[in-house]
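Participant: I'd like to ask you about the structure that follows.
Nothing in this text is a laboratory measurement; each read-out follows from the coordinates by a stated rule. Because the structure is a prediction, the values reported are computed rather than measured. Don't worry about glycine lacking a Cβ; one is built from the backbone with ideal geometry, like all the others, and counts go over all protein chains shown.
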């Protein structure tokens, strides 16, 4: 836990003292790595996690289209799903040059790793913000609401992801 606090404090320090301006523009590519973890405090055991990679291309200074793989699983190895997403985002670089809020939509398709289990297709909305630590590197936090496209599927999924993105 102390190591995690040191890393977070270092990132915060870098964000506060290093001048940075996001420089995304038409024709830029971006890769992003993010993840989430959740655990159940009442049961005292295990948890679920998701890791995701994404590639996006800016077709204009503000519009990004992309795809990306993901993996969801549990810490006990009883559950696992491979996924692929397609997304579109509208990104706004604020006047401070460091903050870029965005909103968009995505389509996900998940297939279970276990034989005989059924996959799922989801569609949803996303909203987030990128904070540029350098002109090409940002911390990215976003929330996604998705619902299943299969008939009879009820409810939705709300995901909060944190990660890094890199422009090139």
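Participant: Listed highest first by mean packing, meaning other Cβ atoms within 10 Å per residue, what order do 125-137, 24-36, 150-162, 71-83 come in?
Facilitator: Per-residue Cβ counts within 10 Å, averaged per peptide and sorted highest first, yield 125-137, 24-36, 71-83, 150-162.
Participant: Going by Cα centres, the stretch 52-81 and the stretch 100-135 are how many Å apart?
Facilitator: 6
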